[in-house]
Amino acid sequence: MNKPGIVIARAVFPQVIERLAQHFEVLSNQDDNLWSPAELAAKSQGRVGLFCTASERVDAALLQACPTLRICANMAVGYNNFDLDAMTACGVLATNAPGVLTETTADFGFALLMATARRVCESEHFLRAGHWTSWRYDLFAGTDIHGSTLGILGMGRIGQGIARRGAHGFGMRVIYHNRSRLDQATEAACGASYVDKNELLAMADHLVLVLPYSAQSHHSIGTAELARMKPTATLINIARGGIVDDAALALALQQGRLAGAGLDVFEGEPAVHPGLLGASRVVLTPHIASASVPTRLAMADLAADNLIGFLVRGEALTALNPRAVATGSAPG
Ligand code: 8YV
């Protein structure tokens with residue numbers, strides 16, 4: 001009997017492909033070619049499952065072109081690449097990969113914060129370029145982390161992980177803003193206090209962005225918000241490109257209205273705003289906050305578990321739109 005077909009849109013750990021191949025006929029993209037939307041639709045023809053990353057857009061056009069698709073499993077916790085309404089309307093289940101990347105991503109948020117505040121990257125470039133000829137009292141003097149005020153915008157799992165590190169590891173005063181306030185016990189465990197967004201902007205010495213991207217969070221940090229921040233503050237974005245207005249940030253850095261920025265995500269990535277590439281007190285990384293080997297494997301395994309769980313047993317682990325299966329009209 002023929003196995004049902006699935007497609008894996010990007011290169012992934014071979015052992016994950018082997019596991020999926022026990023259940024499915026797998027078309028994978030181990031060469032990691034970046035498929036256009038038309039190529040993705042062509043590769044998905046006649047297949048019931050799509051294993052994708054945040055780089056692949058799943059929208060009405062794709063779903064209409066691929067009426068046999070029943071599930072799209074994202075190897076990412078963020079799912080702004082999914083048009084959830086369209087998926088639900090077409091009866092296509094959407095899954096993401098929450099939980100497994102929380103601590104690794106929070107670690108990286110802190111790495112970026114520390115590298116930015118303590119000017120790790122620019123000082124390393126200076127040394128490698130052979131400019132280090134003598135000690136100076138103010139050579140790459142940065143800002144302190146311990147004892148400072150850590151602001152967090154977006155207080156989901158990863159935000160809470162960053163808060164715990166700041167409050168309990170570095171003796172920071174932690175303040176946060178979120179759509180909804182945490183319960184008292186969670187606030188106490190994180191050592192964090194709720195403030196409104198303007199207070200957060202004005203009080204933070206280091207502001208970390210960890211909120212999901214949506215039309216509502218687009219340019220949550222733009223010219224007006226940057227103007228409210230301390231000129232000595234740093235801004236860290238490990239959430240999504242588009243949450244920060246990168247042109248406004250580049251200008252603020254150029255005008256000395258902010259001490260520095262640590263950025264793992266960018267508007268229009270992998271392209272990076274030239275004003276950010278040219279800025280000195282900026283640490284730039286290529287969307288790697290979740291990139292430890294064990295965590296990336298756990299993310300891939302969870303996406304695979306969702307495909308196997310749903311297509312073999314009828315139940316996914318981390319469904320975003322479970323209604324889709326009850327109300328959808330996709331062929332079985
Ligand atoms: C992913 C991420 O590595 O999980 C997310 O939302 O941003 C990253 O951890 C990336 O999106 C690839 O899917």
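The values are calculated or read from the model by the stated rules, or taken from the named source; none is laboratory data. For clarity, every value in this text was computed on a predicted model and none was experimentally measured. Cβ coordinates were reconstructed from backbone atoms using ideal geometry, including for glycine residues, and neighbour counts include every protein chain displayed. Quick note on the areas: whole protein, heavy atoms, side chains included, nothing else; ligands and nucleic acids left out. Shrake-Rupley method; radii C 1.70, N 1.55, O 1.52, S 1.80 Å.
Roughly what % antiparallel, to the nearest 5, for the DSSP beta bridges in the chain?
5 percent
Only four residue types carry charge here, +1 at the Cβ of Lys and Arg and -1 at the Cβ of Asp and Glu. Report the dipole size of region 102-284 about the Cα centre in Debye, rounded to the nearest 20.
Dipole magnitude for region 102-284 comes out near 240 debye.
Select from VAL120, VAL174, VAL48 the residue whose mean-square fluctuation is largest in a Gaussian network model of the chain (Cα-Cα springs shorter than 10 Å).
VAL120
Would you mind finding the longest exposed-site-free stretch of the chain, with exposed chymotrypsin sites (Phe, Trp or Tyr not before Pro) meaning DSSP loop and at most 10 other Cβ atoms within 10 Å?
Counting only loop sites that pass the neighbour cut-off, the longest clear stretch is 138-332.
Any idea which of ALA189, MET203, VAL7 is furthest toward the positive side of the dipole for the chain, if Lys and Arg beta-carbons carry +1 and Asp and Glu beta-carbons -1?
ALA189
If you roll a 1.4 angstrom probe over the protein chains with everything in place, what fraction of the accessible area of the chain belongs to carbon and sulfur, to the nearest %?
54 percent
If you average the sequence gap of Cα pairs under 8 Å that are 6 or more apart and divide by the length of the chain, what percent do you get for the contact order? Could the numbers behind the result be given before it?
Details: 666 pairs, mean separation 66.3, N = 332.
Taking the mean separation of contacting Cα pairs over the length of the chain, I get 20 percent.
Please build a GNM for the chain, connecting alpha carbons under 10 Å apart, and tell me which residue among ALA73, ALA21, ALA129 fluctuates the most.
Result: ALA129 has the largest fluctuation of those listed.
For the chain, build the charge dipole from Cβ charges (+1 Lys, Arg; -1 Asp, Glu) around the Cα centre, then report which of VAL244, GLN30, PRO98 sits farthest towards its positive end.
The one lying farthest along the dipole's positive direction is PRO98.
Averaging sequence separations of C-alpha pairs under 8 Å and six or more residues apart, then dividing by the length of region 155-203, give the relative contact order as a whole percent.
This gives 40 percent for region 155-203.
Hey, what did region 213-283 get for relative contact order, percent, Cα under 8 Å, at least 6 apart? If you can, show how the numbers build up before the last one.
Working: 114 pairs, mean separation 23.9, N = 71.
With pairs under 8 Å counted, the relative contact order is 34 percent.
In straight Cα distance, which lysines are under 30 Å from LYS230, not counting same-chain residues fewer than 8 positions off?
Cα-Cα hits under 30 Å: LYS197.
Find out how many positive minus negative residues lie around GLU124, taking Lys and Arg as positive, Asp and Glu as negative, among other residues whose Cβ is under 14 Å from that of GLU124.
After counting each charged neighbour, the total is +3.
Could you name the lysines whose alpha carbon sits less than 29 Å from that of LYS3, not counting residues in the same chain fewer than 8 places away?
LYS43
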